[in-house]
Structures are given as structure tokens and as C-alpha cells.
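Inspection log for the structure reproduced underneath, given as C-alpha cells.
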Amino acid sequence: MRRLILLISALFAAVTVSACGSGGSSAMPTTATTTKDGHNAADIAFAQKMIPHHRQAIEMAELAPSRAQNPQVRSLAQRIRAAQAPQIATMAGWLTGWGQPTAPPADAGVVSSHGSDDHGMGDGGMADHGMADHGTETVAPHASMEGMMSSAGMTALRDATGSAFDEMFLAMMIEHHQGAVTMAKTEIRDGLHTSAKQLAENIRRTQTAEISSMQDLLTKI
């Protein structure tokens, strides 16, 4: 009888240990679920760089109603504004939630307004032309930020009208979009945050299609 009692006790202990192990295993998916919307350095860089990139695109688009001659250019500019303004707000919200500034670090290769890089806009370029009107602080972008127009380029665009504006706007926006697509591809490859990667894919798909449309339109003007 004593042996039977000991055997039953041993079996009960084994079942208890097995149940505990099973419980620990079932908790693993919960951990995975909590990290699927985590973020990494690539997500932060994507949002911090795409915000001023979008701002400049909106600044360019806001010139079209009073300067463009081609109705298709004006329509394109309106679509760009409508699409990118909400995206700025979304990315700024992520950065705030992550405890990160909405601007790239000041020591990350920012070009001043007097720099020689044709694709770097200085602090004056953004501050002087309404770049602070979209809800986040105004800073100069990274020198390496793809597709950004120079202060001189933006001045030339503001001074153009009619067909000259249309041609310049399309050429500049094609380059600007190409830069955004490159940045989006980097986020898709390196990012972790699910929603940020989804936004990057949306930017890649939408702006690639717009590049094709603009290239076609540019040949007809």
C-alpha cells in the first residue's frame, strides 16, 4: 500500500510539473504579440526624416494653385497635399508616443542654408516658407535625406509661373518622390513597427505610381 501511495504521489507531481510547463509555453505568443508593434532605430529615423520631407512636398504643392497652368499639375498638387498632411500627423504621433523628438538629431549631418549640398535645405529655408505650420518643430533635414530640394531650388520654383512652373514642379517633384520611395524601401527592409512599415509600403506604392504619371505628363508639356 505504501508503494502505491508513493507511486500515486509521484505521478501527481509529474502531472503538475507538466501543467506548469504547458502554461509557460502558452504564454509565449503573448510576448510575441506585445512586441509586434515595437519600434527600432529604423522606425524612428523613418518618421523623423519623412516628416520634413513631406512638409517640403506640401510647400511645393501649395504653390501650384496660383502658379500652375496645367490643370493636371494643379490636381496632382492637391492630391499630394491631401495625402501627406495626415501622414505627417500620424508620424508625429508615433514619435511622441515613443518619447522621441519629431525632428532629426541636430548633429546628424544637417546642412546649413549656406551649405554646398544642392539637396539640403537650411533652417532658414524651412522657417521662412511656412514649414512650421504643420504641427511640429522646424529644423533642417539630414544632409543625406534623399530628394530634398535646395533653398535656391525652392526660390526658383516660387518665382516661376505658367508652363515654366509646371515643368519645374514636375521635375522637382519626381526627384522628391524618388527620394521618398528610397526612404520607404529602407523602412520596409529595416523597420520593426507594423504601422510604420505599412505606411512606408503605401508611400512606396503611391509615389511610384505618381512618378510614372508625372514623367508621362512632363513629356506632354
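Data table
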read-out	value
Between the range 165-188 and the range 42-102, the Cα center-to-center distance that results, in Å	12
Exposure proxy order (Cβ contacts within 10 Å, fewest to most) of 50, 214	214, 50
Calculated diffusion of the range 151-221, Stokes-Einstein form, Kirkwood radius summed over Cα pairs, 4 °C and 1.567 mPa s, µm²/s	97
Summed side-chain charge close to residue 71 - residues other than residue 71 whose Cβ falls under 14 Å, Lys, Arg +1, Asp, Glu -1	+3
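Values in this text are rule-based calculations from the coordinates and carry no lab data. This is a predicted model, so every value here is computed, not measured. When we count neighbours, we look across all protein chains shown, and the Cβ atoms used for this are built from the backbone with ideal geometry, even at glycine.
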